[in-house]
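Have a look at the structure below, then the notes.
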């Protein structure tokens, strides 16, 4: 009953709660996808703004450098200082870049001669007379005509977006390198929202607009992690970066990251309300199902109680009902079934008796055939002697008389047993070696097979003599038949096995066709046979007889190599062998 209620409860809860859960998951996923798409658009938009701002800054830097270039070319004092190298104008040359820097709005400005020597520096006066010939060359080779550089300054280096311009005065050529800082103001201006993070990752450092720090751009070691990007949306923009220490153009990356804290908070709120609704619905559904199951289960319990009383010996249970629903229909069907069972009971008992007699007839037929086989072999032998060597007939008959007597005695015992409708078994000490020798002697006859014996030293077992003979004869007959009239051999051996619980093993090995794994698994089943004229009872009878004597039987076989049947039987105590051999043993 509890199982039925549990199944009904599970089915009802599944029908109610699964759609609710599916709807909640769909709403949650749709909400997440839309918010995520919106955040991605914001990040992509910001990346485009950075790219546009860099282009605009590059154009402004180029315009400022053009103004400075024209101003220098009209300045006679600069000409005297830079071209004529007038000593009294040196101070003017040193201060020229600094003054021009203030007027142009640039954050970085260098004036270099044709050798790459800095003759005036506006952002760092102490750079005067320092060689930096790679910077203008690399800027000129940059694909976008501008690049990020790490400029030296009195306090600390800074990253700037720089361009290069050039001019000639007289016989000398000069280059202007100018740029604007990409740092605190630039990154802080872009990261307007608390969940937005703008980073500039370049060789040697990382600039970031961190929230909660007055939007200051903070430089951290290269490779550091500012935020957990596994729970955020990130887009990147690559720009050229000039590494003056290596003299190469590397790559810097503007990375825009949008955190998903607000989305996670919204998800948690949705999950919390969903859980509340889920639990309340589950409680209501459980109460309803328990009430419904009680209404449905009572008539079913009554039907189960009546049905449990039915068996073939008690068919007086009635299921009549006046209900108009499915329970009433089931009751009437059970009542009709009970009536049919009463009618079938007589027929079933008759069929059982016929089946029992049929199986008994099969066993009698099989055992009689086993008993007649030695007699048939003796008469075949005598018939062949009568035609070939009649003078030896009497002598051979006297030798084979014992086979005829033992076979007739065996058939008489079988007839006595079957007269009681079942074989009677005994548990007495038996000499298995003597029994094997007699069976092998009786079954030898004209043919293309050989029978061999390998008998151990301790032959006594506890068992029934008739049953043991039936076991040995069945196994030897099965081995001979597996040769299929081809040359081969059957070997019967006995040997002690086991340590403390000693048992005597009887092994019958043939060199016949062998068996497949499927055949081995069914070889002891009743009526299973692979022979056209077989009854399928031989090995099943052997197995039953072995188990009746507290033994066990196993088979080993390989296709085209033969089979071995191992029968383990309880060994008789060695101290009683003498008494057993002089008593009831065969």
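The values are calculated or read from the model by the stated rules, or taken from the named source; none is laboratory data. Keep in mind the model is a prediction, meaning the values are calculated, not measured. Glycine gets a Cβ as well: all are built from the backbone with ideal geometry, and neighbour counts include every protein chain shown.
Okay, residues lined up against (1) surrounded by fewer than 17 Cβ atoms within 10 Å (Cβ to Cβ); (2) in a loop (DSSP other than H, G, I, E, B); (3) at pLDDT below 85; (4) touching a helix residue (DSSP H, G or I) at 6+ places or on another chain (Cβ under 8 Å):
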position	(1), (2), (3), (4)
515	no, yes, no, no
528	yes, yes, yes, yes
536	no, yes, yes, no
547	yes, no, no, no
553	no, no, no, yes
One residue from 55, 74 being in the same structural domain as residue 265 (by TED's automatic domain parsing) and farther than 30 Å from residue 197 by Cβ: 74
Positions within segment 227-254 being modelled with pLDDT of 85 or more and within 27 Å of residue 29 (Cα to Cα), in sequence order: 234, 235, 236
Looking only at segment 312-324, and only at residues there that are farther than 17 Å from residue 295 by Cβ, over 50 Å from the mean Cα position of the chain (by Cα) and assigned to a loop (DSSP other than H, G, I, E, B), the one that is modelled with the lowest pLDDT: 313
Residue 57 vs. criteria assigned to a helix (DSSP H, G or I), touching a strand residue (DSSP E or B) at 6+ places or on another chain (Cβ under 9 Å) and either closer than 30 Å to residue 305 by Cα or modelled with pLDDT of 85 or more (or both): yes
Elements of type strands (runs of 3 or more DSSP E) contained in segment 137-192, each with 1 or more residues being buried (at least 23 other Cβ atoms within 10 Å of the Cβ), assigned by TED's automatic domain parsing to the domain that holds residue 39 and under 57 Å from the mean Cα position of the chain (by Cα): 147-151, 158-169
Which listed residue, of 61, 68, 72, 27, is surrounded by fewer than 13 Cβ atoms within 10 Å (Cβ to Cβ) and in contact (Cβ under 8 Å) with a residue 60 or more places away in the chain: 27
Qualifying residue in segment 260-283 (condition: modelled with pLDDT under 85 and over 37 Å from the mean Cα position of the chain (by Cα)): yes
Close pairs from segment 291-303: first within 12 Å of residue 323 (Cβ to Cβ), partner surrounded by 13 or more Cβ atoms within 10 Å (Cβ to Cβ), Cβ under 6 Å, at least 6 apart: 299/327
Breaking point among (1) farther than 14 Å from residue 475 by Cβ; (2) at pLDDT 85 or above, for residue 565: (1)
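Residues checked against (1) touching a helix residue (DSSP H, G or I) at 6+ places or on another chain (Cβ under 7 Å); (2) farther than 30 Å from residue 130 by Cα; (3) assigned by TED's automatic domain parsing to the domain that holds residue 112:
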| residue | (1), (2), (3) |
| --- | --- |
| 7 | no, yes, yes |
| 25 | no, yes, yes |
| 47 | no, yes, yes |
| 66 | no, no, yes |
| 80 | yes, no, yes |
| 87 | no, no, yes |
Number of positions in segment 193-204 that are within 30 Å of residue 36 (Cα to Cα) and in a loop (DSSP other than H, G, I, E, B): 3
From the options 476, 490, residue that is buried (at least 17 other Cβ atoms within 10 Å of the Cβ), in contact with a strand residue (DSSP E or B) (Cβ under 9 Å, 6 or more places away or on another chain), modelled with pLDDT of 85 or more and not in a strand (DSSP E or B): 476
Segment 198-214, subset buried (at least 18 other Cβ atoms within 10 Å of the Cβ) and touching a helix residue (DSSP H, G or I) at 6+ places or on another chain (Cβ under 9 Å), residue modelled with the lowest pLDDT: 209
Boolean, residue 45 is under 20 Å from residue 182 (Cβ atoms), out of contact with any strand residue (DSSP E or B) (no Cβ under 7 Å at 6 or more places or on another chain) and loosely packed, with under 14 Cβ neighbours inside 10 Å: yes
Checking residue 327 against (1) over 20 Å from residue 21 (Cα atoms); (2) in contact with a helix residue (DSSP H, G or I) (Cβ under 8 Å, 6 or more places away or on another chain); (3) at pLDDT 80 or above, the condition it does not meet: (3)
